[in-house]
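Engineer: I am attaching a structure below and will ask some questions about it afterwards.
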Amino acid sequence: MMKILFFLALFPTISLAVDEVALISDSTVRARVMGDQMTEMTGRSSRSQVCADLLAPVPGETGTVPFAEATTALEKVVNSVASNYPTACINTLLQDLALITPTTPSIRRIISSLNSFDQVIWGSNAKALACTVQDSGIEQLLALAEDTTKVNDCQPLQNNKWKKVDGNAAYGNPINYSMQKNASGVRVALNIDFRQGAAAAAAGVAPVSNQLMMERTRGCMAAVHGLIKDPSTGLPLQFDLLTPAEANQLPSAVRPDPYPVTIDHAADVRSNAANYAHDVGCPTIVHEVLHLVGLCDEYPGEGDGRICRSVPKDNNVMSDTFEAFNASVPRTITCECTTPECTTAISLPGRTNFLKAPRRTDRTSARFRNAYCTTPTSLPVINWAAEAAAPPQSPFTSTLSPDGLTLVMTDYFMNPNGWDNIFGETIECSCPESDTRCHETMAKIARGEMRANTRECHFGMNDKSFQWGSTNEPDRVSGDTFSFSVNPGNIPLMHPRQVQRILAGTCRTAAQSYYDCAKNAYASTPDECEDAPEACLQSDFHDRP
Ligand SMILES: [Zn+2]
């Protein structure tokens, strides 16, 4: 309410009315009619929440005036539709407004006035961002009114036709992309203008050219191709990252605006959508590109002062990015020996299969082990004869007790102090009888069904590089390095609702649930958090209606 009072104080005499009331020349009559309309509008919301009642015609000078027409005077919008009209009715009203041709310019003017006074009106609590949708009637009305000026926003994608999305900024990132549906999925075109950052490169940092960063970014988006799917068709979204010159080939009406991204050569840079660290990797790049198509952060925000962000129980790329990549994205891992003995070992038969085998840490989370398992017990060192391809013990075994309450997991590792030896560790995990989730997890591990996606280089070897994306390359030993690929199972990189938000573009109604929870992603004061819908504070918010 404070905001609205402040607003009226700023614009006490503004007149943008184009409805018939505004055309009444006798000011006394005009004031009476407007007063009657406001009393009627305000009174209605206490009598009914049904749109047909709320949006029924209001009294005019003679007879009645359509509701939409009567709301086009700014002061009436502020006073009468302020906070207590249901969203569905606001949407209906906006459709009505869009149908009244003469009122559209006035809505545009209202919006442009508001936009230019954004900071004054909302001050430091400004939430004028796509991730921070305004929730009161007037705020929503204005945001939605902006949408209605683009009549095609909610039109479904047409086969082989580009549709441009030009939306409110999401936490400072303009939402500006184009989509085209075709038989193999949906292309999402972005215009990325890489630039060199102003700061000098830190010592030892090799310069990354704009072209190189573009190639890297394209490679990263290609690595997740097939993991971002239209929930309604199951077909993939293909991200086409265009340079400004390439984007110029598109017709101007559907050409995405260039988005400048600087390449920062300073040391220890935390990348964001507009500034990439020179050594930024695929998980971060994909996360940042997805910000440009309207997705908001979903990792716990407290560390950054974002105190009521919705955080999902099932991880995704906007939440724990690295974890999500490990769980979903195929990759080739290259590991490096740090001793000559290791280099010899990887040249011997059977060793690479042993080295890359998933073990207990790939099948269970640290949380699970801390909650249910003992600390590991060491087993004696065993020699592995150089000529033998098969290890003397398999890298991982698990045994579930007949009552299902206890699981013993045994891992064997190569011994970095003498690579012709292996050594074992065993741990025992026990579930309380009542903990069915724990039982299920243990049974799955015992059946070999637990996904093993987090594989890293074997103890004693260095992680040399990660190449994201699927490959048919066989394992490869080259000198002191060993490369192998990991092809995770079908764990989603994103929640379908996030993809729905991308496809919805600026059509809010097509992704309302997403917006409802995303709007507080960057809220930083308790006041702002107050309006967080209860469902959004639950970790299953993405799965709720
Ligand atoms: Zn982010």
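The values are calculated or read from the model by the stated rules, or taken from the named source; none is laboratory data. These numbers were taken from a predicted model, which means no experiment stands behind them. Cβ: placed from backbone, ideal geometry, glycine included. Neighbour counts: every protein chain shown. Accessible surface is based on the protein model in full, side chains and every heavy atom, while ligands, DNA and RNA are left aside. Shrake-Rupley method; radii C 1.70, N 1.55, O 1.52, S 1.80 Å.
Engineer: Residue-wise, which Karplus ³J(HN,Hα) couplings in Hz belong to the range 367-381, taking 6.51 cos²θ - 1.76 cosθ + 1.60, θ = phi - 60°, and x for glycine or proline?
Structural biologist: After applying 6.51 cos²θ - 1.76 cosθ + 1.60, I find 4, 4, 5, 5, 6, 10, 10, 6, 6, x, 10, 7, 10, x, 6 Hz.
Engineer: Rounded to a whole number, what % of the accessible area of the range 155-258 do carbon and sulfur atoms account for, probe 1.4 Å?
Structural biologist: With neighbouring chains kept in place, the figure for the range 155-258 is 52 percent.
Engineer: Would you please give the residues with an amide H less than 5 Å from that of Thr262, counting only those at least 5 places away or on a separate chain, with H modeled from the backbone geometry?
Structural biologist: Under 5 Å from the amide H of Thr262 lie the amide H atoms of Arg195, Asn275, Tyr276, each far enough along the sequence or on another chain.
Engineer: Within the range 426-524, what whole-number % of the accessible surface is contributed by carbon and sulfur, with the 1.4 Å probe and all protein chains included in the calculation?
Structural biologist: Working: 2030 of 4810 Å².
Carbon and sulfur together cover 42 percent of it.
Engineer: Hey, another quick one. Once phi is turned into ³J(HN,Hα) by the Karplus curve 6.51 cos²θ - 1.76 cosθ + 1.60 with θ = phi - 60°, what whole-Hz value does each residue of the range 236-246 show in order, with x for glycine and proline?
Structural biologist: Those phi angles translate into x, 8, 10, 8, 9, 8, 10, 6, x, 5, 5 Hz.
Engineer: Taking amide H positions as placed 1.01 Å from N in the peptide plane, with prolines and chain starts having none, which residues 5 or more places from Asn421, or on another chain, fall under 5 Å of its amide H?
Structural biologist: Long-range HN contacts for Asn421: Trp384, Asn415.
Engineer: Using Cα-Cα distances under 8 Å and only pairs 6 or more residues apart, what relative contact order does the range 189-303 have, in percent? Spell out each step's value before the answer.
Structural biologist: Numbers: 153 pairs, mean separation 39.3, N = 115.
Relative contact order, the range 189-303: 34 percent.
Engineer: Continuing with this model, one more query. Quick check: the distance between the Cα centres of the range 335-404 and the range 408-471, to the nearest angstrom?
Structural biologist: Each part's Cα centre sits 8 Å from the other's.
Engineer: Determine the relative contact order of the range 230-298: mean sequence separation of Cα pairs under 8 Å and six or more apart, normalised by residue count, in whole percent.
Structural biologist: In percent, rounded to a whole number, it is 17.
Engineer: Now for a separate question. Can you compute 3J(HN,Hα) from phi for each residue in the range 249-263, using the Karplus curve 6.51 cos²θ - 1.76 cosθ + 1.60 with θ = phi - 60°, rounded to whole Hz and x for Gly and Pro?
Structural biologist: 6, 7, x, 4, 5, 10, 7, x, 6, x, 10, x, 10, 8, 9
Engineer: Around Cys457, which amide H atoms from residues at least 5 apart in sequence, or from another chain, sit under 5 Å from its own amide H, with H modelled in the peptide plane?
Structural biologist: Residues meeting the amide H criterion: none.
Engineer: 7 Å from Cα along Cα→Cβ at both Glu440 and Glu215: what's the point-to-point distance in nm?
Structural biologist: Distance between label points: 4.7 nm.
Engineer: Okay, moving on. Distance check, please: which entries in Lys229/Lys464; Lys356/Lys444; Lys356/Lys464; Lys313/Lys519 exceed 25 angstrom between their Cα atoms?
Structural biologist: Lys229/Lys464
Engineer: By average Cβ neighbour count within 10 Å, what is the ranking of 466-472, 285-291 from highest down?
Structural biologist: 285-291, 466-472
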